[in-house]
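Below is one structure, written out as structure tokens, with a few remarks after it.
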Amino acid sequence: MKNPKKKLFLWGLIPFLCMLAVPLGAAAAEAGSEYTPAMYATFWSLVPPVVAILLALITKEVYSSLFIGILVGGLFYSGFSFEGTVMHLYHDGFLAVLSDGYNVGILLFLVILGAMVSLMNRAGGSAAFGHFAKQKIKSRVGAQLATIALGILIFIDDYFNCLTVGSVMRPVTDEHRVSRAKLAYLIDATAAPICIIAPISSWAAAVSGFVEGEDGFSVFVRAIPYNFYALLTLFMLVAMVLMKVDFGPMRSHEKNAEKGDLFSAGEKNEGQETAPVNPKGKVIDLMIPIAALIICCVTGMVYTGGFFDGENLITAFSGCDASAGLALGSICALLITVVIYLIRRVLTFHECMECLPAGFKAMVPAILILTFAWTLKAITDSLGAADFVAAAVNRSAGSFMNLLPAVIFLVGCFLAFSTGTSWGTFGILIPIVVDVFANSDPQLMVISISACMAGAVCGDHCSPISDTTIMASAGAQCNHVNHVTTQLPYVILTAAISFVTYLVAGFTQSAWISLPTGIILMLAALFIIRKKESSA
């Protein structure tokens, strides 16, 4: 960092927090089968992820920042015992998350998709599609709108959305000199926000399962018009592209992209190598693998949900195992891709096999960040962060009913941002909302559930430790910290307008009044920003 005093202060912050917490940690070493740390369900349970996020944003170094957050959580859990910290980080942290079947399935999907991207690049399919799209898509605006459209079409699952849209649209946006940071934002903003308003998606299934005592799917559908963050994000994307508005750090990235630097805000990039283009490659060498991936992954998801055992499509999606479905589908798609390339003789079998480790290598950064992020979440869970937030919301729920949707939105944002998980936020807040409103005001319950979903998606969208954010960086092949810092002003703007919109909705209880209010505020904000940026 350029300022050594600021750096010294940041690294001195960790031992200072530890010294403050020593009195609490001294009482933590009690024997018993059910160990509960002294800091369980207290404010301190949220300190580890906050430390990790702040360090990542300020130092621009994500690996060490995440590890320090994990270490702080381990120290808090063990009462500052060296042995207790090491064993907790190993058994309940890294070992637990890497032996979890769901997480392994996601890692397998990542590796296989990396191999498929390597295959498509080596076969010349990506380059051929880029040249084809350049003839059909004539401008940077068109390239960005096409990316948004594809992101909206792939609404089944956010992981699948991030990596597939990145693989397909990266050659197109590169041809039209759209920065990788902008591509990552477009991918991220059409992943979770579209999944959370799509009735047929893995997200709809998750939310429905948390609404106990009610028709979960019906509540989810009724909540869609009130999911202001997701709807305003999609509206903002289109309006921003058409109005050619960029602000914050993204503006620097886009200006440099127009000059040919797609990767940075001006600094030199080392190691950005361009692979030789295969002259045998055609557009079908990208389209067939992508089509196979989509068909196979959707089939895999409904298969795990019992579709081929007689369940209907909606029920199959509701009960599917997204991780297993994506892993199974991607394996089938990889085999199909290799066979197609061998039949077309665009690659030899040896060249196909060389792409497997190359694809794995390309995904190593994403795998490392995901592993650290999952471990940080596990450590935070062991400190009772969920119980702390649930208790805080319960204590204040009855005093301001009409303001509660806006408050729940803010709580959801903070919790998802701190923990990097939107589904975990659903699990904490939605049951509380149901208990508060189920027998008193069903309409306000629907609005508050939607506020919970919107807040969770908002916090998850911009959190450096969110798996969806990490996937978007991987899909765009963009530096992760660059992606986080460039999209943060966009998310903050949408979140601020969403908060105001939820204030309106809490009193009017009408989407026909509150949603147009949010749209008008968004347009006004974009016009003001464009005028300010053009005069600068």
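The values are calculated or read from the model by the stated rules, or taken from the named source; none is laboratory data. Please read these numbers as outputs of a predicted model, since none were measured by experiment. Quick reminder, even Gly has a Cβ in these numbers, built from the backbone with ideal geometry, and neighbours come from all protein chains shown. When the accessible area is computed, the model is the full protein with side chains, heavy atoms only, and any ligands, DNA or RNA have been set aside. Shrake-Rupley method; radii C 1.70, N 1.55, O 1.52, S 1.80 Å.
Shape summary: the stretch 397-536 maps onto an equivalent ellipsoid whose semi-axes, from the alpha-carbon gyration tensor, are 28, 22, 10 Å in decreasing order.
Here the stretch 352-475 has 67 percent of its accessible surface on carbon and sulfur atoms, given a 1.4 Å probe and all protein chains in place. Excluding ligands, DNA and RNA, the accessible surface per residue across the chain is 41 Å² with a 1.4 Å probe.
Each Lys and Arg adds +1 at its Cβ and each Asp and Glu adds -1 at its Cβ; summed about the Cα centre, the stretch 73-173 shows a dipole of about 980 debye. Annotation: extensible slack from T508 through Y35 equals 165.5 nm (criterion: 0.36 nm per residue apart, minus Cα-Cα distance). Between K532 and L335, the contour length at 0.36 nm per residue exceeds the Cα-Cα span by 65.7 nm. In the stretch 434-516, the alpha-carbon atoms span a convex hull of 104 Å³ per residue.
Estimated from helices alone, the mean residue ellipticity of the chain at 222 nm is -24500 deg cm²/dmol (sum of -39500 (n - 2.57) over DSSP H runs with n ≥ 4, per residue). Could you tell me which of rounded, prolate or oblate describes the chain, using a ≥ b ≥ c as the square roots of the eigenvalues of the alpha-carbon gyration tensor, with rounded for a/c under 1.5 and, failing that, prolate when a/b is larger than b/c and oblate otherwise? Judged from the Cα gyration tensor, the chain comes out rounded (a/c under 1.5). Centre-to-centre separation between the Cα atoms of the stretch 465-484 and those of the stretch 347-363: 23 Å.
With 26 Å as the cut-off, how large is the P(r) tail for the stretch 297-409, expressed as percent of Cα-Cα pairs?
Working: 3605 of 6328 pairs.
More than 26 Å apart: 57 percent of the Cα pairs in the stretch 297-409.
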